[in-house]
Each structure stands twice: as C-alpha cells, then as structure tokens.
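J.: Sharing a structure with you now.
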Amino acid sequence: MGIIRQKKLRVIKSQAMKWFSFLLLIFLATCASPASPPPPPQATPIVLAVSFSPRGGATEAIVQQLDKAKTSILVQAYSFTSAPIAKALVAAHERGVRVEILLDKSHLTERYTNAPFLSKSGIPVKIDSAHAIAHNKIMIIDGEIVITGSFNFTKAAEDKNAENLLVIRDKATAEKYTKNWQDHAGHSEPYVVKEK
C-alpha cells in the first residue's frame, strides 16, 4: 500500500504544481500588463485679466486682447458704443482676422451705436431679435480666449458704471461660448445700414 499511496501523492502533487504554475502565470501576466494610461491632465483656465469699472481698465484689457487676435473674434453685445473697441475690431478685420458680431435689436433704433461703422467696414453684423433682450457681453478670440462679464462695450461702462470684466484663456470654456454664439447667430438677421 505504501507504494501506491506514494504514487497517488506524486500525481496529486504534480497536478497541484501544474495548477499552481498556471495560476502564478496568470497572476504575473495581469501584474505585468501595462495599466491603462492615466487620463490626460485637465487644462486649468488661466485668468488673463480682471477689471472693475468705473475707470478700471476694462476697455484697455479688451483692446489688448483684440490686438493679439490671429484668426477669429466672435462678439455678442447688448450695447456697443465704445470707439476704441470698435476701432480695434476693424483693425483686426483689416489684418485678416475673421470678425463677426451679434447685437441686440435695440441697435436697429439706437441713435448711438457702432453697428453702422462696423458694418460699413466690412464686418458681418447681425441682429439677435429673438429675445426680449440679447443681453450677452462676450468676445471669443481665436477659439481659446473668452471675455465676459457685466461690462457693456460702451464709454459709460468704462467711465461711469459699476461693471466687471473677466478675460480667461481656456479652450473648453471657449468651445461652450462658441456653441452658444453659433446658436444665436443661427436665428439672427443681417444688419442693414439705414442711409440718411
């Protein structure tokens, strides 16, 4: 009986070693396989400027960004009478930057507006009259810089009103603002200059 028992033990031991080796190989294979790569780091928005008015430099901050624009500027404005901002947009347009502007319907009857100047300069201007007020005050520059806040693009906003302006560089934020701009452009109508 001793020999038979020893043979059985050897067979059992041999099978156990095979199973152990097999399981060890599986374990080592899973440990050695490369882990899934870490998710790409999220870009942190960079605040380029924060301005408060009156006389807090908001107009200057906007003009500085417009002067640096290389490919595109999208604008949504409720009120727009600022000569320095209008001139910076025309200068960008003249150096080949694609500039497009959406304005509130009040610009159709407003006595003081930059709409005629911008339109006559060759910049596409549209009127967003689908809302009680198209109250956005934003610019999207080169698909990565967003200018936003309560600051209307007016002399009064710079010199008299209590306003705020934020300039951020963040492509993800700019994509969201661009999508919103495109939605509004889709229902806006071209501005037509009234000849006097």
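Coordinate-derived values only; no laboratory data. Remember, predicted model here, so these are calculated numbers, not experimental data. Backbone-built Cβ (ideal geometry, glycine too); neighbour counts: all protein chains shown.
J.: Suppose we look only past 25 Å in the calculated P(r) of the stretch 46-190. What percent of the Cα-Cα pairs does that tail hold?
T.: In whole percent, the long-distance tail amounts to 18.
J.: Through the Karplus equation 6.51 cos²θ - 1.76 cosθ + 1.60, θ set to phi - 60°, convert the phi angles of the stretch 151-160 into ³J(HN,Hα) values in whole Hz; use x for Gly and Pro.
T.: Residue by residue, the stretch 151-160 yields 5, 6, 7, 9, 5, 4, 4, 6, 9, 10 Hz.
J.: Please order LYS137, LYS179 by the number of other Cβ within 10 Å, starting at the fewest.
T.: LYS179, LYS137
J.: List the residues whose amide H sits under 5 Å from the amide H of PHE80, counting only those 5 or more places along or on another chain, with H placed 1.01 Å from N in the peptide plane.
T.: The list, which skips near neighbours in sequence, is ASN114.
J.: I want the local charge near SER188. Using Cβ-Cβ distances under 13 Å, sum +1 for each Lys or Arg and -1 for each Asp or Glu among the other residues.
T.: Once all neighbours under 13 Å are counted, the net charge is -3.
J.: Convert each backbone phi in the stretch 87-92 into a coupling constant with the Karplus relation 6.51 cos²θ - 1.76 cosθ + 1.60 (shift: θ = phi - 60°), then list the ³J(HN,Hα) values in order as whole Hz, x for Gly and Pro.
T.: Per residue, the Karplus-derived 3J(HN,Hα) values read 5, 5, 5, 5, 4, 4 Hz.
J.: Can you give the local net charge around ALA172? Use residues other than it whose beta-carbon is closer than 12 angstrom to its beta-carbon, Lys and Arg +1, Asp and Glu -1.
T.: +1
J.: Of ALA77, ALA156, LEU103, which is farthest on the positive side of the dipole of the stretch 46-190, counting Cα position, with +1 on Lys and Arg Cβ, -1 on Asp and Glu Cβ, and the Cα centre as origin?
T.: Result: ALA156, furthest along the dipole toward the positive end.
J.: By per-residue mean of other Cβ atoms within 10 Å, what is the highest-first order of 59-69, 185-195?
T.: Sorting 59-69, 185-195 by mean packing, highest first, produces 59-69, 185-195.
J.: Further question on the same structure: Considering all alpha-carbon pairs of the stretch 70-148, what whole percent are spaced by more than 13 angstrom?
T.: 64 percent
J.: Each residue of the stretch 110-116 in order: what ³J(HN,Hα) in whole Hz does its phi give by Karplus 6.51 cos²θ - 1.76 cosθ + 1.60, θ = phi - 60°, with x for Gly and Pro?
T.: Couplings: 5, 6, 10, 8, 8, 4, x Hz.
J.: Long-range amide H contacts for ILE127: which residues qualify at under 5 Å (H placed 1.01 Å from N, peptide plane, sequence gap of 5 or more or a different chain)?
T.: Placed amide hydrogens put LEU103, GLU189, TYR191 under 5 Å from ILE127.
J.: Once you charge only the Cβ atoms, +1 for Lys and Arg and -1 for Asp and Glu, what is the size of the charge dipole of the stretch 46-190 about its Cα centre, to the nearest 20 debye?
T.: Taking the Cα centre of the stretch 46-190 as origin, the dipole is about 180 debye.
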